[in-house]
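Structure, as structure tokens:
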Amino acid sequence: MTRADPVCPGNRAGPPTAGIPYRPPADVAEALRVQEELRSRVDLLGPGPSAPATVAGLDVAYAESGDRLAAAVTVLDAATLAVVDEAVCVGRPAFPYVPGLFAFREMPALLTALERLTVRPELLVCDGHGVAHPRRFGLACHLGLVTGLPAIGVGKTPLVGSWTGPGQRRGDRADLRDGGEVVGRVLRTRDGVRPVFVSVGHRIGLDGAVERVLALTPRYRLPETTRTADRLCRRALAAGGDRS
DNA sequence: GCGACAG
DNA sequence: ATCTTGTCGC
């Protein structure tokens, strides 16, 4: 299986989209060191693609036994939200679940799935936080740095920070602040539903990230990218194997 | 010291 | 994340 230019760590895409190699940590102490070391390399400003042609959604599903997982990436046409490419990777969790170190659990499988894409997406929408993280380096930041792609984090529940309730209408938002700094935005994507937590992953500003999330939620609370990826990884998990 | 804690 | 029934609402 040879391919032209998939999204993969260490590819030769060249700046400004070149990523950095992914280093799997052996333990919690090392994982913490990795985050502390990489946090300064996150690009919090962007500008990020104002009108991306393609947007990717990433998600992971776990088997009840907890010993198997399926990572999925779906690439959508940003204008029509139609799925134009997708890939999966079935494997084992690469790290125990520790709040704040969540990325190390799913990254290897997600990166493999990304490598299997035929279309290189212009933006990554991750199921988890970006800088709205204890060390300002959540999954979306790590994926952004490793792939070199603009990335945003969309969490369903908060990990850090506090806010004062946004209004009940779609589009209403409030700053998510932690330790005096704005680390994300609490965004109501549909009238009357629970808000989602949007934060910068890499190479895009917070306002741009919010704008993209709204464009991806014409009908449901969660971005279409997340929904299509979620269905794909569940399907892959149920179907069983991954031949590679 | 006791909770809280992305998925 | 995953396990779970019914139920309220469009």
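The values are calculated or read from the model by the stated rules, or taken from the named source; none is laboratory data. Quantities reported herein were computed from a predicted structural model and do not represent experimental measurements. Positions of Cβ are generated from backbone atoms using ideal geometry, with glycine treated the same way; all protein chains shown enter the neighbour counts. Note: areas computed on protein heavy atoms with side chains; ligands, DNA, RNA excluded. Shrake-Rupley method; radii C 1.70, N 1.55, O 1.52, S 1.80 Å.
Annotation: peptides A:83-91, A:116-124, ranked by per-residue average of other Cβ atoms within 10 Å with the highest first, follow the order A:116-124, A:83-91. Mean residue ellipticity, 222 nm, helices only, chain A: the sum of -39500 (n - 2.57) across DSSP H runs of n ≥ 4, divided by residue count and rounded to 500, is -7500 deg cm²/dmol.
Extension gain for residue A:50-residue A:98 works out to 13.9 nm (0.36 nm per residue, less the C-alpha to C-alpha distance). Computed over protein heavy atoms with a 1.4 Å probe, the carbon and sulfur contribution to the accessible area of segment A:95-199 reaches 49%. Each of A:185, A:39 has its accessible area taken with a 1.4 Å probe; listed largest first, they run A:39, A:185. Extension gain, residue A:182 to residue A:162: 0.36 nm times the residue separation minus the Cα-Cα distance gives 6.2 nm. Charges were assigned to the Cβ only: +1 to each Lys and Arg, -1 to each Asp and Glu. The resulting dipole of segment A:34-160 about its Cα centre is roughly 320 debye. I want to verify the translational diffusion coefficient of segment A:42-239 in µm²/s; compute it with Stokes-Einstein, Rh as the Kirkwood radius over Cα pairs, at 10 °C and 1.306 mPa s. D = 97 µm²/s. Between segment A:30-44 and segment A:80-104, what's the alpha-carbon centroid distance in Å? So the separation of the two Cα centres works out to 19 Å.
In a simple Cβ point-charge model (Lys, Arg +1; Asp, Glu -1; nothing else charged), segment A:137-244 has a dipole of about 520 debye relative to its Cα centre.
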